[in-house]
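Each reported figure results from applying straightforward, stated rules to the coordinates on display, with no laboratory input. Values in this document were obtained by computation on a predicted structure and should not be read as measured data. So basically every Cβ, Gly included, is an ideal-geometry build from the backbone, and we count neighbours across all protein chains shown.
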Amino acid sequence: MFDGDGAFQRQGMATFYDVMKDVETLGTRDELFTFIHEIGHALNLAHTFGKNEAIPPQPLGPRNGYGDKSFMNYQDDYQGDPEAEEDGEAAFWSVFAWQFTPPASSGICATASTRTSSWAANPS
C-alpha cells in the first residue's frame, strides 16, 4: 500500500493467501511478481503511474507511467510502444526485465522506522 490520504502517507505491504489462491496465482510468476511489487511498497516505492502523486512528486515514465517495465507497474495495465499491436499482460511479459525502473529505485526509503510490513500467513 502506498498512498497520500490524510496527514501521513501510509506505507507498507500485504499479500493475502486466500485472494492469491482464488485467482490461481500461487506457484506462478505472478505470485513472485506480487511479492516483489509489495516489497517495493515497503521500500517506499509508488506505482509507476502514480509517482507524480507521491511526496515528493516524481516524474512519470513512458505513457504516463503505464509504459514502465517495472515491478511497480501492473502487468495487465501495461501500455507498450504506441506503434505496437499489443498492450496488456502479454506485451508486458515479452519485454519485462525483472527489475525496478531506475527512477523508481531511486525513491527507496532507507529509514526503517517509516515502513510497516504486514504478512497474511497461509492458514493451512
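A few points about this structure:
- Highest average packing first - 64-73, 27-36, Cβ atoms within 10 Å: 64-73, 27-36
- Virtual spin-label span in nm between ALA84 and GLU24, 7 Å along Cα→Cβ: 2.4
- Rounded if a/c under 1.5, otherwise prolate or oblate - segment 11-101, Cα gyration tensor axes: oblate
- Shape of segment 50-89, Cα gyration tensor, a/c cut at 1.5: prolate
- Peptide ranges 38-45, 82-89 listed from the most packed, as the mean C-beta count within 10 angstrom indicates: 38-45, 82-89
- About its Cα centre, segment 37-80 has a charge dipole of approximately 160 debye under the convention of +1 per Lys or Arg Cβ and -1 per Asp or Glu Cβ, with nothing else charged.
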